[in-house]
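Read the structure below first, then the notes.
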Amino acid sequence: MDNVLIIIPTYNESESILQLLARIVLVSKTLESKYKIDILIVDDNSPDKTSQIALSSGIKNLHVIVQGKKGGIGPAYLAGFEYGLKGDYSYFIEMDADLSHQPEQLPQLLASANSRTLVIGTRWIAGGAVINWPKRRRLISRFGTAYASIVLGLDCKDLTSGYRVLPRDLLKTIELSKIRSSGYGFQIEIALNAVRSKFDLVEVPITFIERENGRSKMSLGIVIEAWKMVSYEGIRRFYIRR
């Protein structure tokens, strides 16, 4: 049986967190013959008391880290990885807290997991779907992935997807201390480092549903940060190959 840690960054997700946790618990029960699943919430000191509400659920396999300030998903995931690597987890799952990622699709993601593969839940392949997203968000996501894929030489249709399974060996191999992105560029950096470290990328179709409650964390600053990182790494790749 493999031990699995689901890492969920949160900031002001009080309206969705209990429903998400309940759904994860139900799915975990269907997988308990193969996986022992723990949940780790990494909260950026939410003013709406997300972490306290999560703890009120009484879920035994739930752990919570409260960060000192709002730092974005990058620092949150790095804190989660550091916590999990101190344990005996074989796989680490990234999942958003706003119900955009469906816990019921965990079995499909885990079915493709192994020690040498980064599994990415992908919206933009056959079987994938995006529900209730405005056209502008679709264009940003698809253009961003296309740009990053071309510039970085990565064969992936959804590099910014935040629903993933990362094997322990990947997190022990790549230099996590050198990953600088705090927004969704973090996901691109992880994928890039995985390929550079000779890990495989496997894409599994997922259904992404836009949040009904709370506010999206997407901002122009996050888009610019990702663009700068991808452009820098693309230029670096060009000169290395010359």
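Read the figures in this text as sums done on the coordinates, not as results from a lab. Note that the structure is a prediction, hence the values are computed from the model and not measured. Every residue, glycine as well, gets a Cβ built from its backbone with ideal geometry; the counts of neighbours run over all protein chains shown.
Structure values in brief
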{"quantity": "Entries in LYS34/LYS86; LYS157/LYS228; LYS60/LYS198; LYS60/LYS135 that, when Cα-Cα distance is taken, lie over 31 Å", "calculated": "LYS60/LYS198; LYS60/LYS135"}
{"quantity": "Largest to smallest principal axis extent of the C-alpha atoms in the range 120-167, angstrom", "calculated": "30, 25, 18"}
{"quantity": "Loop-located trypsin sites (Lys or Arg not before Pro) in the range 54-87 whose Cβ has at most 12 other Cβ within 10 Å (DSSP)", "calculated": "LYS60, LYS69, LYS86"}
{"quantity": "DSSP beta bridges in the chain [antiparallel fraction, %, rounded to 5]", "calculated": "20"}
{"quantity": "Where the Cα pairs of the range 2-241 fall when distances are cut into 10 Å bins, in %", "calculated": "7, 34, 40, 17, 2, 0"}
{"quantity": "Whether the range 37-144 is rounded, prolate or oblate, judged on the alpha carbon gyration tensor where a/c under 1.5 counts as rounded", "calculated": "oblate"}
{"quantity": "Most to least packed among 7-18, 191-202, 22-33 [average Cβ atoms within 10 Å]", "calculated": "7-18, 191-202, 22-33"}
{"quantity": "Computed helical MRE - 222 nm, the chain, DSSP H runs ≥ 4 contributing -39500 (n - 2.57), nearest 500", "calculated": "-12500 deg cm²/dmol"}
{"quantity": "Of ILE41, ILE179, ILE206, the one that fluctuates the most in a GNM where the chain has Cα springs shorter than 10 Å", "calculated": "ILE179"}
